[in-house]
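Participant: Dropping a structure here in structure tokens format, bear with me for questions.
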Amino acid sequence: MAEDGGPLLVRGGGHLGVSTDRMLQCADRLAEVEDRLDERVRRLIAVVVELDEASTRSAAAASAMAVPAPEPTALEAEHRTAAARDAAAELRTRLAAAARAYEDAEEGLIGTSGGLVGLLSLMLGPSVRLLLPVLIAGAVGATAADRILGWLAGGDDDRPALAAVGRFIGEHPELLSNPLFAELVGIARGGVDEAIAGLLMPGGGREAMLALSLLGLGPAASGAIVLGAARAVGLLRDSPVSIERGRTGAATPAIGMRERLERVPASGDQVRIERYTAPGEPERFVVYVAPTRTFSPELTSEPWDLASNVGGVAGEPAASLRATELAMAEAGIGADDEVTMIGFSQGGLVAAHIAASPGWNVTGLETAGAPIGGIPLDGDLAGVSIEHREDFVPKLAGEPVAEGRTLVQRELFAGRSPAADEPVPGHQITGYLETAGAVDRAGSAAVRDRVDGIDDALARYSPERGGTVEAVTYRAERLVDERDVVLSPRSAPATPWSTGSPDGP
């Protein structure tokens, strides 16, 4: 794939608004110029004051030998330097204003669409609330619903219409590769929870959302409702999981976001864990988590499935999350060991949940194409999240609820066409590897500091410094023969719920 694409768009990272990496580089350089000019202004002022004092002393001592007044050139230099400093500051201010204007426009669009959704839910809410018990009872008991869901989950022979839709989308990848489609998904997803709240509870969307938050649902309300409805007809079920240690071997420190993303398991095993050791350095671990392996809504032996996708967005301790934490515990990662989490797609969702957990000491997080908008993260974490403007998958979790991450977005197919043989071209790992390489080449401090935070930490374990890196992979499976379980919220690693069994591991 030719590395064309659009510029890097940066959100978060301690700066205001939304900026490109190049804009941020300009702002960084303007700040440096401003500081240097300010220092020269102070020096020139000191020179002018010194000349003025010398002139005053000379005039008082001997009027016949008066020293001339301060040189006009010195005063002029001070004024011009101060003007240049002020101009640099003004340019930085204008750059920040442009970034804020972009963000304000985007928020205005989202707010307008959300208001329309809230108004619709307020109008329809009373009627739906009256019919809701009947609708739920009918949906659970009726064979029609079961037939529809079976049609969606069945083979191609049983769902010719759905297969035709799939073929059409496959033949027209540009439909799902349009940034406008991804934005529409994000706008719709942002209004879903509010609409559901308005339909279920009196008082309108926002007041109801507060009530749902107090009930522990919050922005994951729609995901929880989807899970409940699907499980009522036997889909998206959960189960206990088991893990098995796979391949082991030596490795080198993973320097650069692209190199780390390349180490995410592509097939077979779902988790890779690297143990870093070096003389005089504490043990450090890097955990790589795989993306979704099957989109089947039915229960199979694969934990990285659709149920874990929906469960992860809904805030449940999904099977893929529990399996990853089991692998981390088996690899010997303790509660105080520094950990860097790397994940693509569902793997990024798992990585973000672990980074947000108080049970692990996660100091770095890098995700690609992951729906993690609803997960509050620590602002001190090193690393960035990358998303493509054409990728609707990250939008499924809504907009970020916290400022604890640096988000780098990019229009992958700017100036070129997506590949015709890829169903969702903007979500493919090949494109994200390309964008990760662009992040490695970024020059702004907002991006550079976050990526260098991980690079510098891992570089201390290089072979030249006597360091070693040991890698081990893990394969997880669902125990489909076991009974279904109701999972409690996550608390800390190696707790009994990690396997989904009340008797522990």
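Participant: Given the options Val271, Leu299, Phe285, identify the residue whose Cα lies farthest towards the positive end of the charge dipole of region 265-307 (+1 on Cβ of Lys, Arg; -1 on Cβ of Asp, Glu).
Facilitator: Farthest towards the positive pole: Phe285.
Participant: So, with +1 on the Cβ of K and R and -1 on the Cβ of D and E, and no other charges, what is the size of the charge dipole of region 271-357 about its Cα centre, to the nearest 20 debye?
Facilitator: For this selection, approximately 200 debye.
Participant: Need one number: nm distance between label points at Thr294 and Ser462, each 7 Å from Cα along Cα→Cβ, rounded to one decimal.
Facilitator: 4.4
Participant: Can you tell me how much longer the chain between Glu411 and Val424 gets when fully stretched, taken as 0.36 nm per residue apart minus their C-alpha distance, in nm with one decimal?
Facilitator: Gain on stretching Glu411 to Val424: 3.3 nm.
Participant: How far, in nm, would the chain grow between Ala87 and Ala335 when pulled straight, counting 0.36 nm per residue and subtracting the alpha carbon separation?
Facilitator: Computed gain between Ala87 and Ala335 is 84.2 nm.
Participant: DSSP loop (so not H, G, I, E, B), at most 15 other Cβ within 10 Å: list which chymotrypsin sites (Phe, Trp or Tyr not before Pro) in region 281-346 pass both filters.
Facilitator: Filter output for region 281-346: Phe295.
Participant: For the pair Asp380 and Arg231, how long in nm is the line joining their label points, each one 7 Å along Cα→Cβ?
Facilitator: Result for the modelled spin labels: 3.6 nm.
Participant: Under the 0.36 nm per residue contour assumption, what length would be gained going from the current alpha-carbon distance of Asp449 and Asp481 to full extension?
Facilitator: 6.7 nm
Participant: Something else now. Considering only protein heavy atoms, what is the solvent-accessible area of Asp456 at a probe of 1.4 Å, reported in Å² to the nearest 10?
Facilitator: 100
Participant: Taking only protein heavy atoms into account and a 1.4 Å probe, give the accessible area per residue of region 379-466 in Å².
Facilitator: Per residue, region 379-466 has 38 Å² of solvent-accessible surface.
Participant: Follow-up. Taking all protein chains in place and a 1.4 Å probe, what share, in percent, of the accessible surface of region 340-455 do carbon and sulfur account for?
Facilitator: 51
Participant: Now for a separate question. State to the nearest 20 debye the size of the charge dipole of region 220-299 about its Cα centre, where the only charges are +1 on K and R beta carbons and -1 on D and E beta carbons.
Facilitator: Computed charge dipole of region 220-299: roughly 80 debye.
Participant: Describe numerically, in nm with one decimal, the distance between label points set 7 Å from Cα along Cα→Cβ at Arg263 and at Glu283.
Facilitator: Going by the 7 Å Cα→Cβ label model, 1.6 nm.
Participant: While we're here: Could you check how much of the accessible area of region 268-327 is carbon and sulfur, as a whole percent, using a 1.4 Å probe?
Facilitator: Heavy-atom surface of region 268-327 belonging to carbon and sulfur, 1.4 Å probe: 53 percent.
Participant: For region 353-437, what's the radius of gyration and Dmax over Cα atoms, in angstrom?
Facilitator: So, for region 353-437, Rg and Dmax equal 13.9, 45 Å respectively.
Participant: Using only protein heavy atoms and a 1.4 Å probe, report how much of Val226 is accessible, in Å² to the nearest 10.
Facilitator: Counting only protein heavy atoms, Val226 exposes about 70 Å² to solvent.
Participant: Could you list log10 I(q)/I(0) for region 217-305 at q = 0.15, 0.26 Å⁻¹, which the Debye formula gives when each Cα is one point scatterer?
Facilitator: The Cα Debye sum returns log10 ratios of -0.79, -1.33.
Participant: Loop-only check: which trypsin sites (Lys or Arg not before Pro) in region 419-450 are DSSP coil with at most 16 other Cβ within 10 angstrom?
Facilitator: Arg441
Participant: Per residue, how much accessible area does region 304-375 show when a 1.4 Å probe rolls over the protein heavy atoms, in square angstrom?
Facilitator: Value returned for region 304-375: 19 Å² of accessible area per residue.
The values are calculated or read from the model by the stated rules, or taken from the named source; none is laboratory data. From a predicted model like this one, the values you see are computed outputs, not experimental measurements. Heads up, the Cβs are rebuilt from the backbone with ideal geometry, glycines too, and the neighbour counts pull from every protein chain shown. Side chains included, ligands, DNA and RNA excluded: accessible areas come from the protein's heavy atoms. Shrake-Rupley method; radii C 1.70, N 1.55, O 1.52, S 1.80 Å.
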